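As structure tokens, the structure follows; a few thoughts come after it.
The values are calculated or read from the model by the stated rules, or taken from the named source; none is laboratory data. Here the structure is a predicted model, which means the values were calculated and not measured. Cβ sites come from the backbone with ideal geometry, for glycine too, and all protein chains shown count toward neighbours. Ligands, DNA and RNA are excluded from the accessible area calculation, which covers all protein heavy atoms including side chains. Shrake-Rupley method; radii C 1.70, N 1.55, O 1.52, S 1.80 Å.
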Amino acid sequence: MESKAASTTPPTGRTSLLDTLFFSWANNVWFGIAVLATIFVYSSLGSAIPPLRQHPWFEMTEMEWFNWWPFKLMIALMCTVITVVTIKQIPLRLLNAGVWMIHSGIITLCAGSAYYFSTKLEGDTPIFRRQAVISIAGQEEQARLIIRPGNHISIGRSPNDYHFTVSQIFPEWVIASGRDKGKKAHMTWIDCVTPQERFTRQLLAGYPQYTEDILPDGTRARKTLGRPLVDRTLEMTLDYVPQTEFFLMDSSALYTREHGAKRWIERPVENMPRYHEHIASHDEVFLTAGDGPLPLRPIDIPVQPAAEPGDPLADYQVRVQAYLRYAFLATQWREGGERLNPVARVTLSAGPDARIDYELVAFDRHRYRSDNGQVVMRWVDSAAALDQLVESAEGRLIFRVAGNDLEHTVLLGDIESRGSEAAFTPIDGTEFAFRVKAVMHDLMRQSGESAGQSMSVASLEIKTPEGIISRFVADVDGASRDLAADGEMVKPDPSIEVQFRPGIDARVTLVTGPPEVGTWVLFKESQGGIERRAVSPGRTVAATDQVRFRLNQLFTHAVEDIRPRVVPREQRDRDARASYSMIKVEIAKGDWSESIWLDFNHYALPGEQYAIPRRIHYHPSELRLPDGRVVELMYSRQRHPLPVPVALDTFELATHAGGYTGATITIRDFISQLRFKTEDGWSDRIQMSSNRPAAMGGFWFFQATWDPPAQGYAGMNYTGAGVGNRNGVYIQLAGTCIAVTGMLFAFYVKPIIRRRMQDRTARHAAEAADRTSRTTADRKTLEPVGLSLH
């Protein structure tokens, strides 16, 4: 009894406090069950109900949700409870080995998962197939041209020195002759323009012996010139394009560099929103008509400093102050500017299903007419100028000779030929004659009150009794000039005055001016005549029975607002992720600050050479700092170095019967043959496909995207490689194997051991009972004769 009482006496001191503060909950099975239930609910909410973790309160991806501290805390509590309960309540003996293994396996699995998620890196990178390495005599540095359709570079001190353009790409060219007949190679044609010649150079990857030039007439230099190359001093070869970095998924970074620099400097941005718009004011964006106002969710996220030298904004404060999930920069005009700037929004329709909207800017030489040239906007200062425009619809030159009161008008359509070799046309009744060298439209006036306005100019040579005058006659008053012998532009010679009215060459011309002029639309008839009709904002006028013109908006002193336009949620591509996101960055130093909107670039590429329209976006923005420096900015993802440079050797499509038809279902697999650059040079080819990743330096490379062929586009110029590590996977596998082994032991081995133990116990009990019965029987036999077993 004393021994028993001593064993049940509660411990005192530290042990008692430890039991109270730690073992009271860690040794509680029901607490452990509650933790497991909480983990189940948390996991279900994060996986089955994405809008919950995407709520503005959280803005988390699935990876972030399961790497968040509450989940880590729950896992830690679960492991603690399992450990304490196992040690204190489950004796370590053979019969309990299964439970010990299950619990040990779960803890090992949790440890491996913690290691996996805490060190997980995953992203992707484009690996281009080839680049042309160009060496020019006299140039110390080699030029490099990424092989992708239409890519172009110029080399030399002057823009007219050397030009190279990728004109044709044949991803799987079959060699037709020689020792390599029948082999496939990547072939490229590069159009070359040198100071002396023009030709096309043919390059085959891996087969420099087949390099040769093709002359402009389509013949090969070998046959025409007797040698394969037109310019032997120009060396060109195809080489790999090593990729040294990849870009992390679900990360954000601001990249900076001074204008002209090659290396982007990365500045990470942490805690960037992902799924919802965050703005401080509705005036920051445009909303689609009918779309409700966005909730105001201001943010102020500091951009982390660069980890490497060379950041041009190292002395500036840089902060992200707005985020848009799905938007694009748009222009919207409003009235209220200080200077004259006529702008109109019009609609031209030819039936209910044929409607085109135009935005016309009268003084902008690029935007005063539509892309097809059918709709034009003009500003006139007076009603008389409007009448002259209508009268001179064909275009005309008006001459006035000093001392001669006659006005001589010549229609441009009546002049048969133009140029320096054309004959002079006499001006009736005078000793003067002229010829038209050229007529130029859409020129920008550089100075004067009309600076920035577009104008048309007629280049003339005028023969006078004293000689020949070279004159540029503009349709803007005061802009005409004569070209002096020394090359200077001077005021026109007063002996002859020339006016140029360029006429109307568009089908529809919108003319507006001061209030006394009004707004008119001029329709050019097929016979050359002009039909004039008054128009006002909101009004539609008919040119013919089918063609109708509508003036939607008109501004005379327009101010251009450039802001992001938010795309309504129902119109968004759900698989676009961050592709159409934008951020507003504020850059400040002292009293100076500037804000700029940046759109998302999937990769922080070195330059425009790497961009492929509609596939790989490259759109940096520029900002001028107070000290005069121009800085380039780009919003993209954080980058991480690859263990070794990787290059794409070949790209293949494994297709079903019939080959690639343009549909994904015709493709069985995408196969990229990669090479890794080690200390010994480029490795042998290592295959990377959809279901067979390649491994190198602790990272796995798998097929993520590719460059599909399209109409007029050969494709297969790059491959998109997914890159990721798998730290802790073998620990997770070991934990799983230990737990499964414990389950097998608990469900299959333990019952057998228990049954054998029960059988052994029963047998021992039976043997003991048998011995007892025999002893009792012997006692009864001996007692009558007076013998005792004692």
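Is one or more of the residues making up the range 240-256 under 20 Å from residue 207 (Cβ atoms), of a type in the set (Ser, Thr, Tyr) and modelled with pLDDT of 95 or more?
Going through the range 240-256, the residues under 20 Å from residue 207 (Cβ atoms) turn out to be 240-241.
Narrowing the set further to residues that are of a type in the set (Ser, Thr, Tyr) leaves 240.
Next, only the ones that are modelled with pLDDT of 95 or more stay: 240.
Checked the range 240-256: at least one residue is under 20 Å from residue 207 (Cβ atoms), of a type in the set (Ser, Thr, Tyr) and modelled with pLDDT of 95 or more.
How many residues are modelled with pLDDT of 80 or more and in contact with a Phe, Trp or Tyr (Cβ under 8 Å, 6 or more places away or on another chain) when one looks only at the range 432-463?
Residues flagged as modelled with pLDDT of 80 or more and in contact with a Phe, Trp or Tyr (Cβ under 8 Å, 6 or more places away or on another chain) within the range 432-463 amount to 12.
What pairs come up if the first residue lies in the range 23-46 and is in a helix (DSSP H, G or I), the second is open to solvent by 40 Å² or more (accessible area, probe 1.4 Å) and acidic (Asp, Glu), and their beta carbons are under 7 Å apart, counting only those six or more places apart or on different chains?
What qualifies is 46/62.
So residue 185 passes all but one of these: (1) among the small types (Gly, Ala, Ser); (2) in a strand (DSSP E or B); (3) under 30 Å from residue 569 (Cβ atoms). Which condition number does it fail?
Result: residue 185 passes all but (3).
If I go through the range 193-219 residue by residue, how many of them are in contact with an Asp or Glu (Cβ under 6 Å, 6 or more places away or on another chain) and free of Cβ contacts under 8 Å to residues at least 24 places away in the same chain?
Matching residues across the range 193-219 total 1.
Name every residue in the range 315-335 that is open to solvent by 70 Å² or more (accessible area, probe 1.4 Å) and in a loop (DSSP other than H, G, I, E, B), in order of residue number.
315
What are the residues in the range 618-635 that are among the small types (Gly, Ala, Ser) and touching a residue at least 24 places away in the same chain (Cβ under 8 Å), if any?
Restricting attention to the range 618-635, the residues satisfying the condition of being among the small types (Gly, Ala, Ser) are 621, 628.
Within the range 618-635, 621 is the sole residue that qualifies.
Results for (1) modelled with pLDDT of 90 or more; (2) crowded, with 16+ Cβ neighbours inside 10 Å; (3) within 24 Å of residue 652 (Cβ to Cβ), shown as yes or no for each residue.
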position: 161; (1), (2), (3): no, no, no
position: 168; (1), (2), (3): yes, no, yes
position: 174; (1), (2), (3): yes, no, yes
position: 188; (1), (2), (3): yes, yes, yes
position: 208; (1), (2), (3): yes, no, yes
position: 219; (1), (2), (3): yes, no, no
position: 230; (1), (2), (3): yes, yes, no
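List pairs: first in the range 223-234 and outside any loop (DSSP other than H, G, I, E, B), second surrounded by 13 or more Cβ atoms within 10 Å (Cβ to Cβ), Cβ under 7 Å, 6+ apart or cross-chain?
That search, which allows pairs on different chains as well, returns 224/215.
Right, residue 614: at positive phi, charged (D, E, K, R) and within 19 Å of the chain's Cα centre (by Cα) or not? Spell out the reasoning first.
On the way: at positive phi: yes; charged (D, E, K, R): yes; within 19 Å of the chain's Cα centre (by Cα): yes.
So residue 614 fits the description; yes.
If we scan the range 93-103, do we find a residue that is part of a helix (DSSP H, G or I), out of contact with any Lys or Arg (no Cβ under 9 Å at 6 or more places or on another chain), among the basic types (Lys, Arg) and modelled with pLDDT under 95?
no
Mind telling me which of the residues 64, 59 ends up being on the phi > 0 side of the Ramachandran plot and under 28 Å from the mean Cα position of the chain (by Cα)? Show your work before the answer.
Numbers: 64 fails: on the phi > 0 side of the Ramachandran plot.
Just a single option satisfies the conditions, and that option is 59.
Can you say whether residue 438 is open to solvent by 30 Å² or more (accessible area, probe 1.4 Å), under 21 Å from residue 499 (Cβ atoms) and among the hydrophobic types (A, V, I, L, M, F, W, C), as far as the supplied structure shows? It would help to see each step written out before you state the result.
Values: open to solvent by 30 Å² or more (accessible area, probe 1.4 Å): yes; under 21 Å from residue 499 (Cβ atoms): yes; among the hydrophobic types (A, V, I, L, M, F, W, C): yes.
So residue 438 passes the test.
Open to solvent by less than 50 Å² (accessible area, probe 1.4 Å) and touching a helix residue (DSSP H, G or I) at 6+ places or on another chain (Cβ under 9 Å): does that describe residue 742? Steps first, answer last, please.
Numbers: open to solvent by less than 50 Å² (accessible area, probe 1.4 Å): yes; touching a helix residue (DSSP H, G or I) at 6+ places or on another chain (Cβ under 9 Å): yes.
So residue 742 passes the test.
Sort through 776, 736, 761 and tell me the only one that's more than 30 Å from residue 169 (Cβ to Cβ) and in contact (Cβ under 8 Å) with a residue 24 or more places away in the chain.
Details: 776 fails: in contact (Cβ under 8 Å) with a residue 24 or more places away in the chain; 761 fails: in contact (Cβ under 8 Å) with a residue 24 or more places away in the chain.
Just a single option satisfies the conditions, and that option is 736.
So residue 752 passes all but one of these: (1) assigned to a helix (DSSP H, G or I); (2) in contact with a helix residue (DSSP H, G or I) (Cβ under 6 Å, 6 or more places away or on another chain). Which condition number does it fail?
Answer for residue 752: the failing condition is (2).
Tally the residues that are outside any strand (DSSP E or B) and of a type in the set (Val, Ile, Thr), restricting the search to the range 247-289.
Kept after step one, since they are outside any strand (DSSP E or B), are these residues of the range 247-289: 249-252, 259-264, 269-277, 279-285, 288-289.
Still in the list and also of a type in the set (Val, Ile, Thr): 269, 279, 285, 288.
Residues that pass the stated criteria total 4.
So the check is Cβ under 7 Å with 6+ separation or different chains; which pairs have a first residue in the range 604-617 that's over 17 Å from residue 145 (Cβ atoms) and a second one that's part of a loop (DSSP other than H, G, I, E, B)?
Qualifying pairs under 7 Å: 604/264; 615/707; 617/601; 617/602; 617/611.
Working only within the range 676-686, note down all residues that are more than 18 Å from residue 653 (Cβ to Cβ) and either in contact with a Leu (Cβ under 7 Å, 6 or more places away or on another chain) or open to solvent by 50 Å² or more (accessible area, probe 1.4 Å) (or both).
Initially, the range 676-686 is screened for residues more than 18 Å from residue 653 (Cβ to Cβ), giving 676-684, 686.
Matches in the range 676-686: 677, 678, 679, 680, 682, 684, 686.
Considering only the range 559-618, how many residues are in contact with a Pro (Cβ under 8 Å, 6 or more places away or on another chain) and surrounded by fewer than 17 Cβ atoms within 10 Å (Cβ to Cβ)?
Adding up the residues that qualify gives 2.
Checking residue 234 against (1) open to solvent by 50 Å² or more (accessible area, probe 1.4 Å); (2) modelled with pLDDT under 95, which single condition isn't satisfied?
Looking at each condition in turn, residue 234 falls short on (1).
Taking the range 123-140, which residues are in a strand (DSSP E or B) and more than 20 Å from residue 676 (Cα to Cα)? Step through it out loud before you land on a result.
Residues of the range 123-140 in a strand (DSSP E or B): 123-128, 131-135.
134, 135, listed by residue number.
Can you list residue pairs whose Cβ atoms sit under 9 Å apart, with the first residue in the range 133-157 being closer than 13 Å to residue 234 by Cα and in contact (Cβ under 8 Å) with a residue 60 or more places away in the chain and the second being open to solvent by less than 70 Å² (accessible area, probe 1.4 Å) and part of a loop (DSSP other than H, G, I, E, B)? Count only pairs 6 or more apart in sequence or on different chains.
Once the first residue is closer than 13 Å to residue 234 by Cα and in contact (Cβ under 8 Å) with a residue 60 or more places away in the chain and sits in the range 133-157, its partners that are open to solvent by less than 70 Å² (accessible area, probe 1.4 Å) and part of a loop (DSSP other than H, G, I, E, B) give 134/234; 135/234; 136/156; 136/161; 136/194; 136/234; 137/234.
Give the residues of the range 724-753 that are more than 20 Å from residue 110 (Cα to Cα) and touching a Leu at 6+ places or on another chain (Cβ under 7 Å), sorted by residue number.
724, 750, 753
Just to be sure before I move on: is residue 775 more than 30 Å from residue 647 (Cα to Cα) and of a type in the set (Val, Ile, Thr) in the structure I sent? Break it down into steps so the answer makes sense when it comes.
Numbers: more than 30 Å from residue 647 (Cα to Cα): yes; of a type in the set (Val, Ile, Thr): yes.
Considered against the rule, which asks whether it is more than 30 Å from residue 647 (Cα to Cα) and of a type in the set (Val, Ile, Thr), residue 775 comes out as yes.
Given 531, 516, which one is in contact (Cβ under 8 Å) with a residue 24 or more places away in the chain and open to solvent by 30 Å² or more (accessible area, probe 1.4 Å)?
Working: 531 fails: in contact (Cβ under 8 Å) with a residue 24 or more places away in the chain.
Residue meeting the stated conditions: 516.
Taking the range 696-742 only, how many residues are within 26 Å of residue 613 (Cβ to Cβ) and aliphatic (A, V, I, L, M)?
6
From the set of residues in the range 55-108 that are farther than 17 Å from residue 29 by Cβ and of a type in the set (Ser, Thr, Tyr), which is surrounded by the most Cβ atoms within 10 Å (Cβ to Cβ)? Spell out how you get there, then give the answer.
So the first thing to find is which residues in the range 55-108 are farther than 17 Å from residue 29 by Cβ, and the list is 55-73, 75-76, 92-95, 97-98, 101, 104-105, 108.
Then drop every residue that is not of a type in the set (Ser, Thr, Tyr), which leaves 61, 104, 108.
Working: 61: 18, 104: 18, 108: 20.
Going through the qualifying residues, I end up with 108.
Can you list residue pairs whose Cβ atoms sit under 6 Å apart, with the first residue in the range 357-382 being among the basic types (Lys, Arg) and the second being open to solvent by less than 60 Å² (accessible area, probe 1.4 Å)? Count only pairs 6 or more apart in sequence or on different chains.
From the range 357-382, the pairs are 365/442; 365/444; 365/454; 367/361; 369/376; 378/511.
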